[in-house]
Amino acid sequence: MSWLKDVIGTEKAIIAMCHLQAMPGDPYYDAEKGMDWVVEKAKEDLCALQDGGVDAVMFSNEFSLPYLTRVKTETVAAMARVIGELKPFIKVPFGVNVLWDPIASLDLAIATGALFVREIMSGVYASDFGLWNTNTGETARHQDRLDAKNVKLLYNIVPEAAKYLADRDIKMVAKTTVFNCRPDAICVSGATAGSATDVHVLSDVKSVLPDTVVIANTGCRKDTIEGILKIADAAVVGTTFKYDGKFENQVDVERVKEFMEVVRMARAS
C-alpha cells in the first residue's frame, strides 16, 4: 500500500487544483479588485471542490502567467495570505505548488501546513520560459533545513510546455529520477494544463516504477478517468472541473460531483 492512504485517505486519489487568480507582481493582477477578491475567488473554488467530493486539494498560482522559475517573494507572501485565510474552511488534505519553483513551494508548504508539493525538481529543459534548469540536491537540502521531511515531494518528469534536453527514453528518466532523487511520487503531464496525459507514456512510466506512486498530472476527464486510474495511482485534476471545462473559468460543483461519481464506481470495481 502506498503513502496515499495515510496522507490523503484513499488509494486512487483525486487531487483537485485550486487555481489562485493573478496576485500582486503578476502581469494580469487586477489591482482594482485587490487581494480580497483573490481570496474570495479561491474560497468559492475550494468550497465547490470539497462539496463535489474530491479527496485532496492543491493550491497553485496558476494565473501567474508567464511563469518564473525563481518566484518573487511577493507571490509566496500572497499565496500564504490566501491559504491562511482559507485554513478554517479546508476540510481535506492539501498541498501547494508555486510555479515553477520547488524552493518557494517548500517554503509555502512549511508555512501553511501543506502535506505535499508538486514541482519540476529534476532535469534540464528547453521551455517556453527559456532554458529551465533545476537543482535537486539543493531542493532536498532545503527540505531538510526546514524540517519538512514529512512533506511529500511530487516530481513532475514531463513538464508542461517543455522538453527534456537530453535525448533520453522516458522510462530511463523515470528510473534514474527515482534512484537518484527518491521522490515520493512521479507525475506525468500533457503539453499544457488541461491537455491529456499520454496514457502510453503513463503506462511506460508505471511499468518501470511498480513500487513508486505514479500520478496522471493533466487532462483527466470524466470519460477518461476510469482508464487512467487503471494505470495511475492517483490523478491531479483541474481544468475539467471548471465551467465548460475551460481553464480560465471557476469550478463548477456539478462537474466535480459527476466526475467523482465515476471515480467512486471505478474504485468499487
May I ask which of 222/257; 41/152; 12/163; 87/257; 206/230 have a Cα-Cα span longer than 21 Å here?
41/152; 12/163; 87/257
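Pick out, in residue order, every one of the trypsin sites (Lys or Arg not before Pro) in region 67-107 that is DSSP loop and has at most 13 other C-beta atoms within 10 Å; say none if there are none.
70, 91
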Quick one: if you stick a label point 7 Å off each Cα along the C-beta vector at residue 167 and residue 30, how many nm between them?
4.8 nm
Mind checking which lysines have their C-alpha under 16 Å from residue 91, skipping anything on the same chain fewer than 8 residues away?
43
For the chain, report the translational diffusion coefficient in µm²/s to the nearest whole number, using Stokes-Einstein at 4 °C, 1.567 mPa s, and a Kirkwood Rh over Cα pairs.
70 µm²/s
Report, in whole Å, the centroid distance computed from the Cα atoms of region 152-186 and region 210-234.
17 Å
Only helices counted: for the chain, with every DSSP H run of 4 or more residues adding -39500 (n - 2.57) and the sum spread over all residues, [θ] at 222 nm is -11500 deg cm²/dmol
I'd like the accessible area for residue 224, computed on protein heavy atoms only with a 1.4 Å probe and all protein chains in place. Round to 10 Å², please.
40 Å²
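Residue 35: net charge of surrounding residues, Cβ under 12 Å, Lys/Arg +1, Asp/Glu -1, itself excluded?
-4
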Using the Karplus curve 6.51 cos²θ - 1.76 cosθ + 1.60 with θ = phi - 60°, work out ³J(HN,Hα) for each residue of region 200-213 in order, rounded to whole Hz, and write x for Gly and Pro.
5, 5, 4, 5, 4, 5, 5, 5, 9, 10, x, 9, 10, 5
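Within a Cβ distance under 12 Å of residue 258, other residues only, what is the Lys/Arg minus Asp/Glu net charge?
Numbers: positive: 221, 222, 255, 257, 264; negative: 223, 252, 254, 261.
Cβ neighbours under 12 Å give a net charge of +1.
The values are calculated or read from the model by the stated rules, or taken from the named source; none is laboratory data. As the structure is a computational prediction, the values presented were derived from the model and not from experiment. Neighbour counts are summed over all protein chains in view; Cβ atoms, including those assigned to glycine, are modelled from backbone coordinates with ideal geometry. The accessibility values were calculated without ligands, DNA or RNA, using every heavy atom of the protein model including side chains. Shrake-Rupley method; radii C 1.70, N 1.55, O 1.52, S 1.80 Å.
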